[in-house]
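The values are calculated or read from the model by the stated rules, or taken from the named source; none is laboratory data. In this text the structure is predicted, and so the values were computed from the model without any measurement. A quick note on method: Cβ atoms are made from the backbone with ideal geometry, for glycine too, and the neighbour counts reach across all protein chains shown.
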Amino acid sequence: MNELLGEVPRYFLESPVLVLPLVYVLGIITSLSPCILSLLPVLLGYIGGYGENRKKSFVMASFFVLGLGITFAVLGLLASYLGTIFGQVGPFWFILAAFIAILMGFHLLGIIHLSFPGLKRLPFKATSPLGALLVGLTFGLVASPCATPVLAAILTFVAAQQRLFYGGLLLFVYGVGQGTPLILLGSFAGLLKELPYLQARSKYFSYFSGAVLLLLGLYLLYRFF
């Protein structure tokens, strides 16, 4: 029975059907963290989706999210490739993933404070879907430091899995999750009125992400020690 119970979380971590929704939800929660949430109205203006034309706003926001997902997918492919190259190290990647997940979990819970390079300014204002795509590609590389803890933990977990395209898919889904609130805001202008309510409670989304990362890290350590 104990061995069977031990296989349950392992199956969860290795099942795409279960992990993909979790990563998508983590992407949404990341976008609701304080510093990214404060950027959403400005970001809508940069991608030309801040106006009365709901269809245009939806298209522009969708192309931005596509660019964001592509950038994260490339990062996922690179992480998986590194994990494959150094796979002979044994449990190294899982131990590293556990360490990073716990460290980032402590950061999001406010127990420790880490500094990450943040977004200074966007390179240009998009005037077409292609421009919105390019802004999304750029934003994925210089995203707000609020995204770094969850992204770092997922990338290290992906490296531990050592499955190239699965890693790219996981990070693409994470990027789509992170951009989903932007699509909703671009499509339904009335939702902008809810931003102050979300901002007042955004710290709880960070706490939730921190708790998830902490539990993941502790499980990975338990699995190998």
Just need a number here: residues in the range 124-157 that are in a loop (DSSP other than H, G, I, E, B), farther than 25 Å from Ala79 by Cβ and either of a type outside the set (S, T, N, Q) or modelled with pLDDT under 75 (or both). 3
Please determine whether any residue of the range 192-211 is on the phi > 0 side of the Ramachandran plot, of a type outside the set (D, E, K, R) and at pLDDT below 80. no
If we ask which residues in the range 91-107 are within 16 Å of the chain's Cα centre (by Cα) and within 12 Å of Ala159 (Cβ to Cβ), their number turns out to be 2
